[in-house]
Amino acid sequence: MTGPSDVPARTQVAVLGAGPAGLVLAALLARAGVDCVVLESRSRSYVESRVRAGALEPGTVALLRELGAGERLDAAAMVSHQFELRIDGARYVMPVTELSGQPMYVYGQQEVVKDLVALRLSAGGPLLFGAEALGVDGIDGPTPTVRYRQDGVERTLTADVVVGADGFHGVGRRSVPGARTATREYPVAWLGLLVDAPPSGDDVVYAFSRAGLGMHSMRSPSLTRLYLQVPATDTLDAWSDDRIWAQLHTRLAADGWSLTEGPILERAIAPLRAYVSDTMRAGRLFLAGDAAHIVPPTGAKGLNLAVRDVKVLAPALVALLRGDPALADAYTATCLEHVWWAMSFSCGMARLLHASGDPFEDSLRAAELRGLATREPGRRMLAEDYCGVRP
Ligand code: FAD
Ligand code: DHB
């Protein structure tokens, strides 16, 4: 038996991880009248302040609105009708809304998480913070069990189904036996910066330069989000403020555009990685989001893919719990189609936007990018892939 009476020991769906995948899934299941318990290893304040993604596809925004988590988003998100590709200092505007019919939105992942946590707690749904899943047992039987630790006490949670939405480092993906994985490691990482300064323009800018990729994005009218390509082996101590600003100015330099500096509020180096598990289900354990796949951030797809997975998973679990396994059986195959589509876009952009230091290779990259940015089929493809609306 397991702990105090206010901690549930039995539920229909045990969800590991309160990231976008776990929280959107919990909201979809709650709407369908299915009980679930969400276990999150970190504290509420940690997950609500972890700075990560920012670019949301229209489909993601539509679902958040539909779930009742769109109010703050609608007040604060920046609608992004275009983005800019900057190639060796030359500027190419990509009119996303005009070419694809839909805009992108820029709204911090931690704000999405805050909105979803508030939604779940206001509905009274169990969401346990500081509850670290340690392992999943009995996935081939009808009632799998999650072992977890909270406040130093080990407990168990028994469910009809367990969902590993606990990211790349969680226990979910390690609990799927025999999964074959496709992995690509990159020699580069991204140094991500949150800066206390107004954005230097309205657009997200992806800049290819011979010194490496530089990126400009935003979080609010007074907060800028910037990224620099750095060697995968670098640590933060290699990047003084002076070096960061000098590189940002060099890489983002363009006529008619200047970078506004400000105090750096947050900085982190994230490795670039591509990873896909060919199995997103083993018995009664399902994987969703980063637990099942990681895409390089160049396509702004990770959070959006996590949401796509659980949009497929929720109705599949509802049907499975009613005794119809067809959608659950098709879950991996259904998801892998959108996963590999996003992977091809994200890896393609990663290949083109990161400089290698080899002048021949980098001139090829610049030429290929210019071809994409200036010809109608390339521009349309970029716009559609970026905002996730493929015809
Ligand atoms: P996560 O957000 O990682 O959530 C998993 C949760 O599980 C975490 O809260 C974690 O604490 C918890 N957890 C882990 N282990 C356990 C355990 N054992 N027990 C219980 N809980 C556990 N994506 C985009 O779509 N657009 C972008 O613009 C974008 N930019 C990015 C920029 C950067 C620098 C980075 C690093 C990522 C970016 N991404 C972007 C990717 C995006 O952040 C992820 O794909 C997204 O967070 C995936 O959501 P998730 O819910 O699957 O996983
Ligand atoms: C942001 C991050 C990305 O990876 C991207 O491709 C676009 C925008 C951002 O953090 O705003």
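The values are calculated or read from the model by the stated rules, or taken from the named source; none is laboratory data. None of the values given here were measured: they were computed from a predicted structure. Positions of Cβ are generated from backbone atoms using ideal geometry, with glycine treated the same way; all protein chains shown enter the neighbour counts. Note: accessible area is taken over every heavy atom of the protein model, side chains too, but ligands, DNA and RNA are not part of it. Shrake-Rupley method; radii C 1.70, N 1.55, O 1.52, S 1.80 Å.
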**Report entry** Residues satisfying the stated conditions in the range 261-304, i.e. among the aliphatic types (A, V, I, L, M) and either within 13 Å of ligand 2 (Cβ to nearest atom) or open to solvent by 20 Å² or more (accessible area, probe 1.4 Å) (or both)
**Finding:** ILE264, LEU265, ALA268, ILE269, ALA270, LEU272, ILE294, VAL295, ALA300, LEU303
Requested in this report: Find all pairs meeting these conditions: Cβ atoms under 6 angstrom apart; at least six residues apart or on different chains; first residue within the range 4-32 and farther than 16 Å from ARG65 by Cα and of a type in the set (Ser, Thr, Tyr); second residue modelled with pLDDT of 95 or more and not in a helix (DSSP H, G or I).
Outcome: THR11/ASP35; THR11/CYS36; THR11/VAL37; THR11/ALA159
Query raised in the report: List the pairs whose first member sits in the range 290-303 and is at positive phi, whose second member is more than 9 Å from ligand 2 (Cβ to nearest atom) and among the charged types (D, E, K, R), and whose Cβ atoms are under 9 Å apart, counting only residues at least 6 apart or on separate chains?
Result: ALA300/GLU57
Query raised in the report: Restricting to the range 60-81, what's the tally of residues that are surrounded by fewer than 18 Cβ atoms within 10 Å (Cβ to Cβ), in contact (Cβ under 8 Å) with a residue 40 or more places away in the chain and within 16 Å of ligand 2 (Cβ to nearest atom)?
Result: 1
Query raised in the report: Going by the conditions given, is GLN110 out of contact with any Cys (no Cβ under 9 Å at 6 or more places or on another chain), modelled with pLDDT of 95 or more and more than 9 Å from ligand 1 (Cβ to nearest atom)?
Result: yes
Report summary line: For the range 360-391 the number of residues that are in contact (Cβ under 8 Å) with a residue 40 or more places away in the chain and not aliphatic (A, V, I, L, M) is 12
Report task. Any chance you could count how many residues in the range 241-260 are open to solvent by 60 Å² or more (accessible area, probe 1.4 Å) and within 20 Å of ARG219 (Cβ to Cβ)? Result -> 2
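Yes or no, residue by residue, for (1) closer than 22 Å to LEU321 by Cα; (2) within 16 Å of ligand 2 (Cβ to nearest atom); (3) in contact with a helix residue (DSSP H, G or I) (Cβ under 9 Å, 6 or more places away or on another chain); (4) not assigned by TED's automatic domain parsing to the domain that holds VAL47:
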| residue | (1), (2), (3), (4) |
| --- | --- |
| ARG91 | no, no, no, yes |
| LEU99 | no, no, yes, yes |
| VAL113 | no, yes, yes, no |
| LEU128 | no, no, no, no |
| GLY135 | no, no, yes, no |
| PRO142 | yes, no, no, no |
| ASP151 | no, no, no, no |
| LEU157 | yes, no, no, no |
| SER175 | yes, no, no, no |
Query raised in the report: From ALA350, ALA314, which residue is of a type in the set (Gly, Ala, Ser) and farther than 25 Å from ALA189 by Cα?
Result: ALA314
Query raised in the report: Among the residues of the range 1-46 satisfying the criterion of being near ligand 1 (Cβ under 8 Å from one of its atoms) and assigned to a strand (DSSP E or B), which is nearest to the chain's Cα centre (by Cα)?
Result: LEU16
Query raised in the report: Where in the range 160-240 are there strands (runs of 3 or more DSSP E), lying wholly inside it, with at least 1 residues that are buried (at least 20 other Cβ atoms within 10 Å of the Cβ) and of a type in the set (Lys, Arg)?
Result: 214-220, 223-231
